[in-house]
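One structure is given below, encoded as structure tokens.
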Amino acid sequence: MTDAETLADLRTAADYQFGAGAGAALFPPADPLTVRRSSGGRPRQVIDGDVDDTPGSSEGDRLVSYGTDGRFTLGLAGGRRVHEAFAAPRHRVVVGEESEPFVREGRNAFAKFVTAADPEDRVCLVDDDDLVVDETDSIFGVGRAELSGAEAEQLGSGVAVKTRDGNPAN
């Protein structure tokens, strides 16, 4: 299977996981993308740009990893693309400013600091990826949802999002 065919399949999977339009946002047909594969040929990661896989070569930004379960885990670059493709509050968990520096470092976002969350993040979508943003909708982290949107807003304790990638402050 060629990379073009693989990316077409991955677009479909992204639309299923994140909603219509996510596949085109994550993997635009006109953008140069690199598909890294497992030794068996299964796609493992999609990298932004043409990447030379020789040791010591420059790395592109990881958009997503593709798990054996058929689900994506977002990298920060992929999170930015999802952020641009979907208007707030889709796929977002909003945290207060006291939590921001910790999430930027890659630490978890706790329910205690959640001020708003995507109301469509249902219990069945726990374990899907969410964007961690501030009150102005600036993205500073991506990670796996541990609570539904309603639970993240209402509970006063516990991890709301297990942060995978933080966006260090400039």
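The values are calculated or read from the model by the stated rules, or taken from the named source; none is laboratory data. The shown structure was predicted, so the numbers you read here are calculated from the model rather than taken from an experiment. Every residue, glycine among them, receives a Cβ derived from its backbone with ideal geometry; neighbour counts consider all protein chains shown. Calculation scope for accessible area: heavy atoms of the full protein, side chains included, ligands and nucleic acids excluded. Shrake-Rupley method; radii C 1.70, N 1.55, O 1.52, S 1.80 Å.
Points to keep in mind about this one:
- Evaluated against (1) modelled with pLDDT of 95 or more; (2) open to solvent by less than 80 Å² (accessible area, probe 1.4 Å), LEU33 falls short on exactly one condition, (1).
- Inside the stretch 59-75, residues that are buried (at least 22 other Cβ atoms within 10 Å of the Cβ) and either under 9 Å from the mean Cα position of the chain (by Cα) or not in a strand (DSSP E or B) (or both) make up a count of 5.
- Tally, over the stretch 1-30, of residues that are touching a strand residue (DSSP E or B) at 6+ places or on another chain (Cβ under 7 Å), over 19 Å from ASP130 (Cα atoms) and either of a type in the set (A, V, I, L, M, F, W, C) or surrounded by fewer than 12 Cβ atoms within 10 Å (Cβ to Cβ) (or both): 1
- Looking across the stretch 77-106 at every residue that is assigned to a helix (DSSP H, G or I) and more than 14 Å from ALA25 (Cα to Cα), the one that is least open to solvent (accessible area, probe 1.4 Å) is identified as VAL103.
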